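Let me begin by presenting the structure, written as structure tokens, before commenting on it.
Please treat every number below as a calculation from the coordinates, not as lab data. The shown structure was predicted, so the numbers you read here are calculated from the model rather than taken from an experiment. All Cβ positions, even for glycine, are placed from backbone atoms using ideal geometry, and neighbour counts span all protein chains on display.
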Number of protein chains: 2
Amino acid sequence: MTAPSTLSNAVAPASADAARVRRVPIALEDRSYDIHIGNGLLEDAASWSGLPKARCALIVSNDTVAPLYLETVAARLRPHYAQVLSVVLPDGEAYKGWDAIERIASTLLEAAADRKTVLFALGGGVIGDMTGFAAAIYMRGVPFVQIPTTLLAQVDSSVGGKTAINHALGKNMLGAFYQPLRVLADLDTLKTLPDRELSAGLAEVIKYGPIADAAFLDWLEAHMDALRARDPAALAHAVQRSCEIKAWVVGQDERESGLRAILNFGHTFGHAIETGLGYGEWLHGEAVGCGMVMASDLSVRLGLMPAAFLDRMRTLIERAGLPVTAPAGIGVERFMALMRVDKKAEDGEIRFVLIESLGRAVMRSAPDALVAEVIRQHSA
Amino acid sequence: MTAPSTLSNAVAPASADAARVRRVPIALEDRSYDIHIGNGLLEDAASWSGLPKARCALIVSNDTVAPLYLETVAARLRPHYAQVLSVVLPDGEAYKGWDAIERIASTLLEAAADRKTVLFALGGGVIGDMTGFAAAIYMRGVPFVQIPTTLLAQVDSSVGGKTAINHALGKNMLGAFYQPLRVLADLDTLKTLPDRELSAGLAEVIKYGPIADAAFLDWLEAHMDALRARDPAALAHAVQRSCEIKAWVVGQDERESGLRAILNFGHTFGHAIETGLGYGEWLHGEAVGCGMVMASDLSVRLGLMPAAFLDRMRTLIERAGLPVTAPAGIGVERFMALMRVDKKAEDGEIRFVLIESLGRAVMRSAPDALVAEVIRQHSA
């Protein structure tokens with residue numbers, strides 16, 4: 001399961017040209033598309049050309065991102081669409097529910113938007129997931145474009161076609177596999193990202209090292225300070241390499257019947273933390289960061305990896321500005337119960353993504369007692 | 001666009017063997033499946049064999065059908081699944097909304113049902129559409145089986161993978177193309193069907209004549225009395241031929257990019273009647289029956305068909321026990337506005353399915369004034 005290193009120079013120096021637009025193709029037959037990565041993409045005419053013709057476009061954003069970029073995007077769309085609508089939702093995971101889909105659908109239906117209408121998701125992972133799901137189900141499917149404005153969305157959630165909303169009983173429980181027409185990852189939008197969200201995005205970047213590319217893990221250790229300082233070349237490389245690895249995985253397993261599940265390293269523990277605390281307490285990336293510490297420990301306890309691996313992961317995750325200890329308040333019993341409703345669970349058995357060598361992940365179950373120990377060890 | 005007559009003997013005598021199980025294949029590559037048509041299918045072990053293994057099954061039904069057949073189906077499923085859940089929803093189009101999906105999802109999540117769980121839709125078109133949609137989005141997709149218990153669902157809505165719920169601003173506006181694993185059309189369940197619902201189902205049966213098979217239209221005229229008397233052989237032939245024509249259309253155009261739209265003959269007018277009256281006033285098939293009268297008249301007024309075609313269609317639709325006049329209370333302006341948000345509309349232009357020769361349909365727009373005349377002519 002090691003990603004081919006030929007995809008890019010995995011240890012490219014951070015001095016690489018940051019200005020050029022990079023394109024990472026996602027190869028999915030008639031659902032193939034490109035991720036555009038670069039600075040100034042929102043202002044670049046090439047970002048908006050070649051999309052399908054339609055009378056109507058709808059931009060979905062949130063009340064944090066809309067004041068910064070909505071008008072820029074709307075201005076770029078107006079030459080292409082007679083009617084450019086927008087829906088601005090409240091910011092946050094707590095609002096990732098049916099109400100948002102209902103608002104999007106009502107806006108479209110009130111404008112008599114037909115099934116050629118193109119949706120644009122302008123925001124982080126929550127906006128991308130909800131807009132993608134709305135696009136998947138409005139009139140049984142309209143095209144959509146992802147414009148991720150957070151690091152997390154650029155390296156993970158906007159790529160690969162997973163769309164969803166939350167249910168009170170579980171995160172991302174209702175959704176669809178539905179591919180965008182294009183992903184526009186404008187690195188300039190990361191300049192306005194709060195530090196806490198940058199760190200949350202780094203959790204998903206870090207993930208790609210242990211699951212698929214040991215050399216990228218080395219690179220991250222060497223460039224973590226540059227990434228947190230938002231060095232443009234370092235960010236460009238981190239986003240590109242992350243997208244390349246994700247593209248390689250998704251290209252082989254679009255609907256998560258096997259390999260794709262490795263992208264959820266740290267997520268089984270992480271989702272339980274998010275649901276246990278109530279959405280919105282911790283950011284998704286923060287929960288994944290802590291979840292990766294737990295999954296690394298479980299890999300060690302099962303004898304797959306040496307103890308030094310846990311220390312290495314915990315150090316890197318801490319350097320990324322992420323929590324490495326879960327709130328003890330969730331309780332071990334509830335934590336386990338929450339993991340049992342994870343989408344990767346089968347017949348009530350929790351399936352963990354574990355590391356068996358640097359750059360290689362496996363799916364494994366584990367004895368409850370061992371998992372409980374891991375939870376206790378990393379809760380406080 | 002004429003369906004190949006080799007699919008079956010289109011003018012088979014009603015004395016054909018009614019007892020045997022007929023199978024109509026729907027050819028959609030890895031989403032292919034069979035429609036089983038026959039008497040006693042619910043009791044037949046073959047109906048339930050060969051489905052994917054899972055811990056959990058969920059039967060979705062309504063409070064009209066559940067007392068009749070839920071226990072029979074549950075008993076058949078228990079040998080195959082450790083946990084057989086059920087959700088019984090209120091009967092009727094008015095309940096075809098998000099609340100139903102939420103109830104299904106909650107039941108599944110409370111039972112920690114994983115993504116191998118198989119859903120069974122036991123009921124008419126509303127149950128089939130909602131259950132299919134729930135299956136399409138629960139954990140981004142679980143398998144499901146259609147067990148249509150109304151004529152309408154057996155000949156139309158349970159076949160072809162269109163799933164949806166209604167929105168206050170339009171019928172079936174949120175949904176997915178999602179194919180079932182199998183369709184079990186047990187003709188015995190039609191014995192408990194109220195006359196009004198039998199007539200509603202006949203509307204969708206009649207539709208297949210003018211759009212795809214002139215000989216089937218002849219056959220329907222010869223056997224309408226037998227069908228209303230629930231002659232088993234006549235029903236078996238009507239269901240089989242309807243499914244064959246639908247299979248032929250869907251096999252060529254799964255996602256309604258072209259040909260498939262002909263299956264909506266009468267539906268553009270019909271949906272406007274349903275939405276205009278509020279869901280639940282008229283049955284879907286009743287609205288389609290009246291809609292076919294209007295669409296036939298529009299075909300005549302546009303010079304595609306001779307005036308005798310309208311008389312022929314109106315007579316057959318009346319003989320099926322269906323209304324041929326829409327309630328004048330909707331008003332022409334509102335009627336037109338409702339049609340403009342139809343999913344087949346493009347750039348605000350209404351696209352009608354019209355007949356250009358017996359057995360051949362075309363998609364056409366029409367002058368507003370002409371459409372308004374048609375609405376007025378057939379409203380009272």
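Label-to-label distances for residue B:215 across copies, nearest first, come out at 6.7 nm, using points 7 Å from Cα in the beta-carbon direction. Bridgeable lysines around residue A:207 (alpha carbons under 21 Å apart, same-chain partners fewer than 8 residues away excluded): A:162, A:171, A:246, A:343, A:344. Using C-alpha pairs under 8 Å with a sequence gap of at least 6, the mean separation divided by the residue count of region A:195-377 gives a relative contact order of 28 percent.
Between amide H atoms placed 1.01 Å from N, distances below 5 Å from residue A:123 occur with A:147, A:149, all of them 5 or more places distant or on a separate chain. From least to most packed, judged by other beta carbons within 10 angstrom and beginning with the fewest, B:339, B:292 follow the order B:339, B:292. How tilted is helix A:125-137 with respect to the longest principal axis of chain A? Cα atoms for both, answer in degrees (0 to 90, nearest 10). Tilt relative to chain A: about 60 degrees.
Mean sequence separation of contacting Cα pairs (under 8 Å, at least six apart), scaled by the length of chain A, corresponds to a relative contact order of 17 percent.
In a simple Cβ point-charge model (Lys, Arg +1; Asp, Glu -1; nothing else charged), region B:19-192 has a dipole of about 440 debye relative to its Cα centre. Secondary-structure-derived ellipticity at 222 nm for chain A, considering helices only, amounts to -13000 deg cm²/dmol, per-run term -39500 (n - 2.57) for DSSP H runs with n ≥ 4. A straight line joining the Cα centroids of region B:67-84 and region B:93-157 runs 16 Å. Sorted from closest to farthest, the other copies place their residue B:257 label points 2.2 nm away, with each point set 7 Å from Cα along Cα→Cβ. At a Förster distance of 25 Å, what's the computed FRET efficiency of residue A:169 paired with residue B:44, Cβ-Cβ distance as r, to 0.05? Computed FRET efficiency for residue A:169 and residue B:44: 0.10.
The long axis of helix B:307-319 is offset from the longest Cα principal axis of chain B by roughly 40 degrees. For chain A, the ratio of Cα radius of gyration to the globular rule of thumb 2.2 N^0.38 Å stands at 0.94.
Note on chain B: with a GNM built from Cα contacts shorter than 10 Å, the maximum mean-square fluctuation among B:80, B:284, B:237 falls on B:80. Dividing the mean sequence gap of close Cα pairs (under 8 Å, 6+ apart) by how many residues region B:19-192 holds gives a relative contact order of 25 percent. Spin-label model, residue A:333/residue B:377: points 7 Å from Cα along the beta carbon direction are separated by 7.3 nm.
A point 7 Å from Cα along Cα→Cβ stands in for residue A:31, and the other copies hold the same point at 1.0 nm, listed in rising order.
Need the C-alpha centroid separation for region A:194-261 versus region A:309-377, integer Å. Between the Cα centre of region A:194-261 and that of region A:309-377, the gap is 19 Å. Dividing the radius of gyration of the alpha carbons in region A:5-192 by their Kirkwood radius gives 0.96 for Rg/Rh.
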